[in-house]
1. Using the beta-carbon distance between Lys137 and Ala416 and R0 = 35 Å, what value does 1/(1 + (r/R0)^6) give for FRET efficiency, to the nearest 0.05?
2. Take Lys42, project a point 7 Å from its Cα along the Cβ direction, then tell me which residues of the stretch 16-33 have their backbone nitrogen under 16 Å from it.
3. Taking K and R as +1 and D and E as -1, what net charge do the other residues with C-beta under 15 Å from the C-beta of Pro297 add up to?
4. Leaving out same-chain residues fewer than 8 places away, which aspartates and glutamates sit with a Cα under 17 Å from that of Lys37?
5. Rounded to the nearest 5, what is the percent of antiparallel bridges among the DSSP beta bridges in the chain?
6. For the stretch 309-399, what is the relative contact order in percent, using Cα pairs closer than 8 Å and at least 6 residues apart in sequence?
7. Counting only heavy atoms of protein chains, what accessible area per residue, in Å², does the stretch 59-110 have with a probe of 1.4 Å?
8. In whole angstrom, and with the biggest value first, how far do the Cα coordinates of the chain range along each principal axis?
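The values are calculated or read from the model by the stated rules, or taken from the named source; none is laboratory data. On a predicted model such as this, the values are computed, not experimentally measured, just so you know. Quick reminder, even Gly has a Cβ in these numbers, built from the backbone with ideal geometry, and neighbours come from all protein chains shown. Each accessible area value is taken on the protein alone, full model and side chains, heavy atoms only, with ligands, DNA and RNA left out. Shrake-Rupley method; radii C 1.70, N 1.55, O 1.52, S 1.80 Å.
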Amino acid sequence: MAGHPEVFETPAARALSETDKLRLIEALGDIPHSTDKSRVKKKSLDFYWYSPVLKTRLAEMRGDIVVTPRNEADVIQVVSICAELQVPVTVRGAGTGNYGQAVPLAGGVILDMIEMDEVVWTKPGLVRVQAGKLMLKLDRQIRATGWEQRMFPSTKRTATIGGFVAGGSGGVGSVTYGVLGDRGNINAARVITCEKTPRILELRGDQANAVNHAYGTTGIITELEMPLAPAWPWRDVVVSFDGFAKAAEFGQALALSDAIVKKLVTPIAWPIPSFLPRLNEQLPDGRDIVICMIAEPSMQGFADLVAAHGGEVVYDVDAQSVEDDPSSVLPLYEYTWNHTTLHAMKVDKSFTYLQSLFPVENSLEVVDQMIRKFGDETPMHLEMIRFGGQVITCGLQLVRFTTEERLDDIIAYHEANGVAIANPHVWTLEDGAPGKEVPAEQSIFKNHADPLGLLNPGKMRSFRPVAA
Ligand SMILES: Cc1cc2nc3c(=O)[nH]c(=O)nc-3n(C[C@H](O)[C@H](O)[C@H](O)COP(=O)(O)OP(=O)(O)OC[C@H]3O[C@@H](n4cnc5c(N)ncnc54)[C@H](O)[C@@H]3O)c2cc1C
């Protein structure tokens, strides 16, 4: 693939010899760990296979040992030993990342954070939580206090909050609150540095950007302080339209309707609705849809907007009861964001996808241009979000994959026409970023927090360890 680096071996990290492995195991003492091959394989992989490109490159990548810290003291002990022996450390949440974020490229320790899942404290509008907390469990716990997470990935039912902050970007809720990187969405992160004598750092406010979407290359997050949103009673609603242009216009108008409280606005073009299991039985054939989550008290304004745009509500249920019992139909958010791609891949294995940001000034015109150019090769799926204070049309369009060259051509055409692509078919931070570089605060912080380059080596391509 053009501009794609070969798998990178960090200069400092080296293959773990049998002697070092024994020293490591001895030094771990009673900290839970496993070298069982099937467990190591399971914990080495994530949803990297979403991309046919990553699927061929990352399938054989493995760590050497899975270590499961019970608390922060365990994390410090593990990291100190790894720095001493120069063993790579790849932190892992639930392993739902889909660009191979959690796949170790240079072996070593997989630091599985799943046991660190306590809520440290809550205040009105704020929660302090350990990084391994599953987001569904967190929402359930804080809902009782009248609050909920501002945003979550569509993998809320399986992903950890630490993995979302370190490996994700935004999702359900982003149409109102923006993305994780927007100032004010992460209050603080408690981070352990990777050194012989690890330090505990409290990164507050903007400082926390150093670990946001850095794939665990800039420190190990043990706790997060996250601002919350008022917990509304939500409705899961689908509106159908005669033509995708109308669906997209409605989606944009809804995103811009600040007085309608909402959490999700997802325009999806036919035939994608036919790929959505169980929900498809309730959707009209051949129609384009917009999947929405609307606060119940806003349903009047929402209905008026639907009528003004000539849409038809074809599905409307209480979102909470579906999340509590997803046996008949899934919560609507599990048909959106990257779940849309997952459902399509289950119907036709040749599907993969793109991640794009359409230009603000004429986004729907450019969407239409791409539909006319690529037609059925890239069925359209949009997510309306706020980003940097503006409503942005974000594309997660499906792609019928044929060759890497063709995929490169499709990406190049989008970029040449003003569509920024966050490439999901690469594993380095640089290649995945629309600007093709790591934010300066992350590369500077990396030298400070991981001077030996042991954290998830190979993911920050531009980094060269000073200490080495
Ligand atoms: C079906 C599907 C839908 C998805 N939808 C979305 C979506 O809507 N929005 C979105 O942003 N993403 C989405 N993703 C990607 C992913 O699910 C989310 O980003 C999720 O939050 C990752 O959480 P995780 O616990 O699985 O993290 P993992 O996959 O385990 O880790 C992600 C990255 O974070 C690092 N990491 C994990 N924990 C820590 C820690 N404590 N300290 C430092 N680094 C750490 C890992 O090394 C890795 O690089 C989706 C993926 C799939 C497969």
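1. 0.20
2. What the label zone holds, given the 16 Å backbone N cut-off, is 33.
3. So the surrounding residues net to -2.
4. Glu18, Asp46, Glu60, Asp64, Asp112
5. Bridges in the chain are about 90 percent antiparallel.
6. 26
7. I get 25 Å² per residue for the stretch 59-110.
8. For the chain, the Cα extents along the three principal axes come out at 69, 52, 38 Å.
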